[in-house]
Amino acid sequence: MPSTSLILHGLPVSGHVHRVELLLRMLGLPFTFVPAPAEVRAGAAFRALNPLGQIPVLQDGELVISDSNAILVYLARRYAPGGDWLPEDAAGAAGVQRWLSIAAGELAFGPAKARAHALWKVPADLDQAGALAQRLLAFMEQHLTAHRFLAAAHPTLADLACYSYVAHAPEGGIGLAQYPALRAWLARIEALPGFVALPASPLPAAA
């Protein structure tokens, strides 16, 4: 259990924030959620925590950590050392890192970008985002046909980093019907103890 109060700054609808919330809950760590809408992120107090003005931000006592994947690594190492979430062997750690990179790359610029455009009109090249999303989902489908989880035989940070934006890809007009192995993986994540859903947003008319 943490010796100091954990504070998570973010928004409930953010997939980046949700992946951190998932790990906090699955580790059974009490935390305080502090909303950080755009006007808060533009203010001096928040910029003192993260000069880039991005969410999520985690405070653990006097320690402040930004970037969702960095926060996942910190929590796993700090509060679940030697556990399954972040393997300590070289091959296992590399396997997780590969998917963390995918979460920050193809996932962020594919499904997440399409969703952000649909929900909040964030500028995006939808053709490019859609093509990237389909390439990524097809790759994940092939991988998950032979594996229950992304980086190991058990859930790891890789699964939490990728879950939210894949599960909510339809909100950006990216359908999942043609990916049965992927949908089975989503169900396995949703069955984990401590799972909490990312709030649903309206589907686009064409979805």
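The values are calculated or read from the model by the stated rules, or taken from the named source; none is laboratory data. As the structure is a prediction and not an experimental result, all values here were calculated from the model. As a convention, Cβ positions derive from the backbone with ideal geometry for all residues, glycine included, and neighbour counts pool all protein chains shown. Side chains included, ligands, DNA and RNA excluded: accessible areas come from the protein's heavy atoms. Shrake-Rupley method; radii C 1.70, N 1.55, O 1.52, S 1.80 Å.
Pairs linking a residue in the stretch 67-86 that is closer than 16 Å to Phe31 by Cα to a residue that is charged (D, E, K, R) and surrounded by fewer than 18 Cβ atoms within 10 Å (Cβ to Cβ), with Cβ atoms under 6 Å and 6 or more positions apart or on different chains, do not occur.
Would the stretch 66-74 turn up any residue that is modelled with pLDDT under 95 and either of a type in the set (Lys, Arg) or in a loop (DSSP other than H, G, I, E, B) (or both)? So far as the stretch 66-74 goes, no, none of its residues is modelled with pLDDT under 95 and either of a type in the set (Lys, Arg) or in a loop (DSSP other than H, G, I, E, B) (or both). Does Val96 count as under 16 Å from Ala151 (Cβ atoms), open to solvent by 40 Å² or more (accessible area, probe 1.4 Å) and outside any loop (DSSP other than H, G, I, E, B)? Answer is no for this residue.
Take Leu192 and decide whether it is open to solvent by less than 20 Å² (accessible area, probe 1.4 Å), modelled with pLDDT of 95 or more and of a type outside the set (Asp, Glu). Walk me through how you get there before you give the answer.
Numbers: open to solvent by less than 20 Å² (accessible area, probe 1.4 Å): no; modelled with pLDDT of 95 or more: yes; of a type outside the set (Asp, Glu): yes.
The answer is no for Leu192.
Filtered by the rule that a residue be open to solvent by 50 Å² or more (accessible area, probe 1.4 Å) and under 14 Å from Ile71 (Cβ atoms), the stretch 1-30 gives His16, Arg25. Look at (1) among the hydroxyl-bearing types (Ser, Thr, Tyr); (2) open to solvent by 10 Å² or more (accessible area, probe 1.4 Å); (3) in contact with a Phe, Trp or Tyr (Cβ under 9 Å, 6 or more places away or on another chain) and you find that Thr156 fails only one, number (2).
Select from the stretch 31-60 the residues that are outside any loop (DSSP other than H, G, I, E, B), of a type in the set (S, T, N, Q) and surrounded by 18 or more Cβ atoms within 10 Å (Cβ to Cβ) and list them in ascending order.
Gln59
Scanning the stretch 159-207 for residues that are of a type in the set (A, V, I, L, M, F, W, C), under 18 Å from His16 (Cβ atoms) and touching a Ser or Thr at 6+ places or on another chain (Cβ under 9 Å) returns Ala161, Leu198.
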